[in-house]
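Just below is one structure, and these are the notes that go with it.
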């Protein structure tokens, strides 16, 4: 599965990093990194990150 | 119709309760009833982007995605609950339909409080729903004289949006500072100055006492009269004076509804193990801040309380005890005003002491100059509010609060 972030919508609240620290993080320059390809065992964590995003900028593609 | 899980309230909390029920493995029926005619959507942009963008169909951008696991959920939209009989386990909707349940979630949220004044209803606005926001933005035209009643977050965000649209804007606030209770005096003063630098006027320590109407057209507002004896010209009055909980439909069930729905730490309503509450309306004890139950009107709370409530509902359906873990969510909120983002973590409103821990208030809003205020109670740090700091820095402060 593909984990997607719409960087036009993302306002760097950082809630995804709190919910799913293994899948999201900030780089030294403050920009967001994330794991782009995930397997079924990571889906729950990815769903949680998508839920808590205040801008609803995260989604998962099959 | 009979049984299963009934969720009253079809906004963020109601949606998340449904999702989290499915996440527990519950595969029985789920019914959601909501007062608005729309599927659940995201509210924070209503006081911001929706007001200053003029794009078509703003609702489309705000809709929450509905997961496949919810494909068989039954939605009754535009159907507020009007009454309930929790002994009989039934809830009645506005269309006369009665729904029964095995487990119930109360997720009906809030309605804006209105000023206790009569007249000029078409010139008076609130911001809670997409329909409210669309109605408001149509009157926020250049040079319109806008008075905002209430200098809290919604009032200040709405004022900034109205200013962006070219309106002349005055905030009338009964306390000495805008957002003073949430931010403390020092930061509230700095943000007030920032608003003033963007040509928002303040009338502080003052309340709106009356409405002055156009004698030729009594539906048209011309001014508001203030408690200090002066009048303030107004074409549009935005009422951002707090909210009341949507609890009318729960009356008659011997519940404590004095401030939302009182629950235990499992989000179960007192002496009703088959009833839970989630979101803005849930008044629950957070052991992080002592035994006093409180409601929290922050965006993250619906998701967190919904998860907890859904677990309690699933346990009840299986005849099991609920999750034995303690629920002690760390509150977070943010506010966007004139291009600055204020981010709060913890509970600054409970502090007895505040002080700058990074940067300088005189640099507020200047690019590259972030700042952070710390908040303490009884000597222990209980909150941090940052402005313009990289998100990674905020994560560090968050970690300090545990």
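The values are calculated or read from the model by the stated rules, or taken from the named source; none is laboratory data. Just so we're clear, the structure is a prediction, and the values are computed from it rather than from any experiment. Ideal geometry is used to build each Cβ from the backbone, glycine not excepted, and the neighbour counts take in all protein chains shown.
The residues of segment B:330-344 that are under 23 Å from residue B:309 (Cβ atoms) and within 11 Å of chain A (Cβ to nearest Cβ), listed by number, are B:330, B:332, B:333. Among the residues making up segment A:42-52, none is farther than 19 Å from residue B:15 by Cβ and at the interface with chain B (Cβ under 9 Å from one of its Cβ atoms).
Tell me which residues, restricted to segment B:177-188, are surrounded by fewer than 19 Cβ atoms within 10 Å (Cβ to Cβ) and either out of contact with any helix residue (DSSP H, G or I) (no Cβ under 8 Å at 6 or more places or on another chain) or under 22 Å from residue B:233 (Cβ atoms) (or both). Matches in segment B:177-188: B:185 only. Filtered by the rule that a residue be in contact with a helix residue (DSSP H, G or I) (Cβ under 7 Å, 6 or more places away or on another chain) and in contact (Cβ under 8 Å) with a residue 24 or more places away in the chain, segment A:26-40 gives a lone residue, A:38. Being crowded, with 19+ Cβ neighbours inside 10 Å, closer than 17 Å to residue B:307 by Cα, in contact with a helix residue (DSSP H, G or I) (Cβ under 9 Å, 6 or more places away or on another chain) and within 14 Å of chain A (Cβ to nearest Cβ) is a description that applies to residue B:14. Among the candidates B:360, B:309, B:314, B:349, the residue that is modelled with pLDDT of 95 or more, more than 14 Å from every other protein chain (Cβ to nearest Cβ) and surrounded by fewer than 19 Cβ atoms within 10 Å (Cβ to Cβ) is uniquely B:360.
Scan segment B:243-262 and give yes if some residue there is crowded, with 23+ Cβ neighbours inside 10 Å, touching a residue at least 40 places away in the same chain (Cβ under 8 Å), within 26 Å of the chain's Cα centre (by Cα) and assigned by TED's automatic domain parsing to the domain that holds residue B:304, otherwise no.
Yes, some residue in segment B:243-262 is crowded, with 23+ Cβ neighbours inside 10 Å, touching a residue at least 40 places away in the same chain (Cβ under 8 Å), within 26 Å of the chain's Cα centre (by Cα) and assigned by TED's automatic domain parsing to the domain that holds residue B:304.
Among the residues examined, residue B:374 does not qualify as crowded, with 16+ Cβ neighbours inside 10 Å, within 14 Å of another protein chain (Cβ to nearest Cβ) and farther than 30 Å from residue B:112 by Cα. Criterion applied to B:378, B:323 was being modelled with pLDDT under 90 and over 25 Å from the mean Cα position of the chain (by Cα), and the one residue passing it is B:323.
Within segment B:67-85, the residues that satisfy the criterion of being out of contact with any strand residue (DSSP E or B) (no Cβ under 6 Å at 6 or more places or on another chain) and at pLDDT 95 or above are B:70, B:71, B:72, B:77, B:78, B:80, B:85.
So which pairs qualify, if the first residue must be in segment B:63-84 and more than 13 Å from residue B:32 (Cβ to Cβ) and away from every other protein chain (no Cβ under 14 Å), the second must be at pLDDT 95 or above and assigned to a loop (DSSP other than H, G, I, E, B), the Cβ gap must be under 8 Å, and the two must be at least 6 apart or on different chains? That search, which allows pairs on different chains as well, returns B:82/B:94; B:83/B:251; B:83/B:252; B:84/B:252; B:84/B:253. When segment B:275-330 is filtered for residues that are assigned to a loop (DSSP other than H, G, I, E, B) and in contact (Cβ under 8 Å) with a residue 40 or more places away in the chain, the ones remaining, listed by number, are B:278, B:286, B:295, B:297, B:299, B:322, B:323, B:326, B:327, B:328, B:329, B:330.
Taken over segment A:32-41, the criterion of being more than 23 Å from residue B:399 (Cβ to Cβ) and either within 11 Å of chain B (Cβ to nearest Cβ) or part of a helix (DSSP H, G or I) (or both) is satisfied by A:40, A:41. The residue that is nearest to residue B:64 (Cα to Cα), among those in segment A:11-31 that are buried (at least 19 other Cβ atoms within 10 Å of the Cβ) and more than 8 Å from chain B (Cβ to nearest Cβ), is A:16. Of the candidates B:386, B:344, the single residue that is touching a residue at least 60 places away in the same chain (Cβ under 8 Å), in contact with a strand residue (DSSP E or B) (Cβ under 7 Å, 6 or more places away or on another chain) and either part of a strand (DSSP E or B) or outside the structural domain of residue B:13 (by TED's automatic domain parsing) (or both) is B:344. Restricting segment B:389-402 to residues that are in contact with a helix residue (DSSP H, G or I) (Cβ under 9 Å, 6 or more places away or on another chain) and assigned to a loop (DSSP other than H, G, I, E, B), the residue that is farthest from the other protein chains (Cβ to nearest Cβ) is B:402.
So, residue A:55, is that one within 11 Å of chain B (Cβ to nearest Cβ) and either more than 18 Å from residue B:299 (Cβ to Cβ) or assigned to a loop (DSSP other than H, G, I, E, B) (or both) or not? In short, yes.
Scan segment B:309-327 and give yes if some residue there is touching a helix residue (DSSP H, G or I) at 6+ places or on another chain (Cβ under 6 Å) and more than 30 Å from residue B:88 (Cβ to Cβ), otherwise no. Within segment B:309-327, one or more residues are touching a helix residue (DSSP H, G or I) at 6+ places or on another chain (Cβ under 6 Å) and more than 30 Å from residue B:88 (Cβ to Cβ).
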